[in-house]
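A short write-up of the structure that comes next.
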Amino acid sequence: MIDTQPTFEADPQNYPEETWGVEDPRITRLEELGKWAITYTAYSSSGPMVSLALTKDFHEFERMGPIMPPEDKDAALFPRRIGGKWILIHRPVAASHEPGTHIWASSSPDLKNWSDHRIIIPARAGAWWDANKVGLSAQPLETPDGWLILYHGLRRTTAGAIYRLGLVLLDLENPFTILRRSDEWIFGPQKNYEKEGDVGGAVFPCGWILDNATGKVRMYYGAADTCIALATANLDDLLTYIKSCPEVKQEI
């Protein structure tokens, strides 16, 4: 069944940062609060910014407003405190003179005041598939081996920009530390509905779900900014692959 009305709409009269709409929500369950956290992009007249809302039932929402200034997007929370603090992954837009746009992480004691801003996954230079821009795709997934991060990389070519997906494994108790990073992309546009559309050649996930009973991961993604698609994988296969990638062991 599909709702006849949108679950969450922009409210520019009360939240002017949503003047141009809301997009790209990522949902994380916060068991400590008994609520779901929704990090989303609020598109203000000054540019995109990260906003946060909490809900218990997806009918009533507690808007907490912007938690990062513009321009910033591609955000999600870790599902539990780490070292006593909440941690947010997000992607500030780089200045025009910067060679790449990187993924950052920030910490907060209360989900309102954020500090300790650090680059956590840098865009690579040169001819890499993720050389020009990287951003978080799905929310962090906790595994026995570390936090599994699905991210997108953008490579600009003479034929246009192409989005592909890769994996990063972060330390469980210090997610500012990268353990492994995939050299190769693991998912890219192949089907016609991924190559042709409003933004051809784009695959853009905002969420994945793990079925603990079967170990199957379901990834939901936008295809060419025209339709929503589903892809599946086994968690064990993803972990086997990322653990075969070169060790990083570097705190950014």
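Coordinate-derived values only; no laboratory data. Owing to the predicted nature of the structure, the values given are computational and were not obtained by experimental measurement. Because the Cβ atoms are built from the backbone with ideal geometry, glycine has one as well, and the counts that use them run over all protein chains shown.
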Could you please state, rounded to a whole Å, how far the C-alpha centre of the stretch 107-146 is from the C-alpha centre of the stretch 1-69? 20
If only Cα atoms are counted, what is the Rg of the chain, and what is its Dmax, in Å? 17.5, 51
Length-normalised contact order for the stretch 31-112 - Cα pairs under 8 Å, 6+ apart - percent: 22
The chain: relative contact order as a whole-number percent, Cα under 8 Å and 6+ apart: 11
For n ≥ 4 DSSP H runs only, could you compute -39500 (n - 2.57) per run for the chain, divide by its residues and tell me the 222 nm figure to the nearest 500? -1500 deg cm²/dmol
Given pairs LYS191/LYS216; LYS56/LYS112; LYS56/LYS195; LYS133/LYS243; LYS56/LYS216; LYS35/LYS85 and cut-off 28 Å on Cα-Cα distance, the over-length ones are LYS56/LYS195
Whole-Hz ³J(HN,Hα) from phi, Karplus 6.51 cos²θ - 1.76 cosθ + 1.60, for the stretch 209-222, glycine and proline x: 10, 9, 8, 4, 5, 10, x, 8, 9, 10, 10, 9, 8, x
Ranked from fewest to most other Cβ atoms within 10 Å of their own Cβ, ILE149, ILE67, ILE186 fall in the order ILE186, ILE67, ILE149
Which ³J(HN,Hα) values in Hz, rounded to whole numbers, follow from the phi angles of the stretch 104-114 under the Karplus curve 6.51 cos²θ - 1.76 cosθ + 1.60, where θ = phi - 60° and Gly and Pro get x? 10, 9, 9, 10, 8, x, 9, 6, 10, 9, 10
Neighbour-limited loop hits for GluC sites (Glu not before Pro), the stretch 103-196 (at most 16 other Cβ within 10 Å; DSSP other than H, G, I, E, B): GLU173, GLU184, GLU196
Kindly write out, for the stretch 145-157 in residue order, the coupling ³J(HN,Hα) from the Karplus curve 6.51 cos²θ - 1.76 cosθ + 1.60 (θ = phi - 60°), rounded to whole Hz, with x marking Gly and Pro. 8, x, 7, 8, 10, 9, 9, 10, x, 10, 10, 8, 10
Can you give the net charge of the other residues whose Cβ lies under 13 Å from the Cβ of PHE61, counting K and R as +1 and D and E as -1? -3
How much length is gained if the chain between ALA231 and LEU172 is pulled fully straight, taking 0.36 nm per residue apart and subtracting their Cα-Cα distance, in nm to one decimal? 18.7 nm
Taking other Cβ within 10 Å of each residue's Cβ, how do THR39, THR143 sort, fewest first? THR143, THR39
Residues whose built amide H sits under 5 Å from the amide H of LEU111, excluding neighbours closer than 5 in sequence, are TRP86
Quick query: amide H of GLU71 versus all other amide H atoms, modeled in the peptide plane; which residues come in under 5 Å with a sequence gap of 5 or more or a different chain? VAL93
What's the exposure ranking of ASP57, ASP74, going from fewest to most Cβ atoms within 10 Å? ASP57, ASP74
The stretch 133-252: relative contact order from alpha carbon pairs under 8 Å, six or more residues apart, as a whole percent, is 22
Count the net charge of all other residues whose Cβ sits under 10 Å from the Cβ of LYS35, scoring Lys and Arg as +1 and Asp and Glu as -1. -2
For ASN132, enumerate residues with amide H under 5 Å from its amide H, sequence gap 5+ or separate chain, H modeled in the peptide plane. LEU154, ARG156
Between ILE2 and LYS112, with labels modelled 7 Å along Cα→Cβ, what's the label distance in nm to one decimal, could you check? 3.9
Hey, could you pull the Cα Rg and Dmax for the stretch 133-252, both in Å? 14.6, 45
Note down the nm distance, to one decimal, between modelled labels 7 Å out along Cα→Cβ at ASP198 and at ASP11. 2.4
